[in-house]
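The values are calculated or read from the model by the stated rules, or taken from the named source; none is laboratory data. Source: prediction; values computed, not measured. We place every Cβ from the backbone using ideal geometry, glycine too, and count neighbours over all the protein chains shown.
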Amino acid sequence: MGAIDHKRKYLSKRIRFMGFLILLFGGIILFVFTMTAIRFKEYASICILLYVIYGAVLYVNYKWIYQPYKENAKILYSFIKGYSFTSIYEQRIYLSPEFEDTIFKFKELIDTNELISASKKQAQYLALQNQINPHFLYNTLEGIRGETLNAGLESVAEMTEALATYFRYTISNVEHLVTLEDELKNIQNYYIIQQYRFGERLSLLIEYNQDEESEIMRYRLPKLTLQPIVENSIYHGIERKIGKGHLRIKIERTARRLIITISDDGIGMEKDRLTEINEKLNNTSFDYAKADSEVQGGIAIINVNSRIRLLFGEEYGITIYSTADVGTDVEITLPLIEKA
């Protein structure tokens, strides 16, 4: 009984049921006329006309009602599963004027700008977790650097300077778009810090068209887009392999897009794990913006991907390609936005 009540509460099921009854009733009438026409030849033309009308009604209902209904159901399912956030506002035909107004009222309430603001606040929150008075931290690191230089420990001074610069970049103005040049400088500082741990086991190569350097370096992207991915490549790919590990950041551009690929020759991942991660990346979710989200190793890749998609649209974001025991490629797709 409970299952029947559950079905009856949906208006769509009632409409389909009534539609089925009407079609069944029409079919019965046609059958009766057909039998009559067979018995009385003079009704044959009327029977043929009724078949034509019945067929036309079926076709019109299919084109005007069934197809739009299935299209809307597909859009809503896509929205529910998180595959598309904006398609719900792009329906060609709405169930009713009230339903259309409801959808756009929902759009006003869940305004994209508010979600972007939430992502910015989350980025600030994550940075502040490790902050503890940044000026004190900077001054302390500068003091250590000065003492190590006086003692002739240039390598320690270099690491301290890289660490201070990295913290300064990471903590300040997290919500801003920055130039690709600034992001790459931060990666260089992060690499210097990691080198003191991995030594010659770790190498970094940054590739781009040197003839287009001045233009490429002006393109803008969300702050802390690259570092979490590089960090992930080191700790989940290269650190676990035996022997040397190589990181490569390849920068390309098309007529409309900036494509950054971060590659490592680490342990890679199995196909099932890769599919799981890419499904999460394709799934539009706002869980990352919650203050109690479980985020490890800085701002997680899913967080970075969600911020990109919210800021620029669902056609942009992150895709991962990986082969076990070979390595991983993380492809970041961004719009071409130049520094003013």
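Numbers at a glance
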| item | result |
| --- | --- |
| Elements of type helices (runs of 4 or more DSSP H) contained in the range 161-237, each with 3 or more residues being surrounded by 15 or more Cβ atoms within 10 Å (Cβ to Cβ) and among the aliphatic types (A, V, I, L, M) | 180-198 |
| The range 254-268 residues that are under 7 Å from Gly237 (Cα atoms), paired with ones that are charged (D, E, K, R) and surrounded by fewer than 19 Cβ atoms within 10 Å (Cβ to Cβ) (beta carbon under 7 Å, 6 or more apart) | Gly266/Arg240; Gly266/Lys241; Ile267/Arg240; Ile267/Lys241; Ile267/Asp325; Gly268/Asp325 |
| For Ser45: the one exception among (1) under 58 Å from the mean Cα position of the chain (by Cα); (2) modelled with pLDDT under 80 | (1) |
| When residues of the range 294-335 are limited to those that are assigned to a loop (DSSP other than H, G, I, E, B) and surrounded by fewer than 15 Cβ atoms within 10 Å (Cβ to Cβ), the one modelled with the lowest pLDDT | Gly297 |
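Residues checked against (1) out of contact with any Lys or Arg (no Cβ under 7 Å at 6 or more places or on another chain); (2) at pLDDT 95 or above; (3) closer than 26 Å to Ile267 by Cβ:
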{"residue": "Ser172", "(1), (2), (3)": "yes, no, no"}
{"residue": "Phe198", "(1), (2), (3)": "yes, no, yes"}
{"residue": "Leu204", "(1), (2), (3)": "yes, yes, yes"}
{"residue": "Ile234", "(1), (2), (3)": "yes, no, yes"}
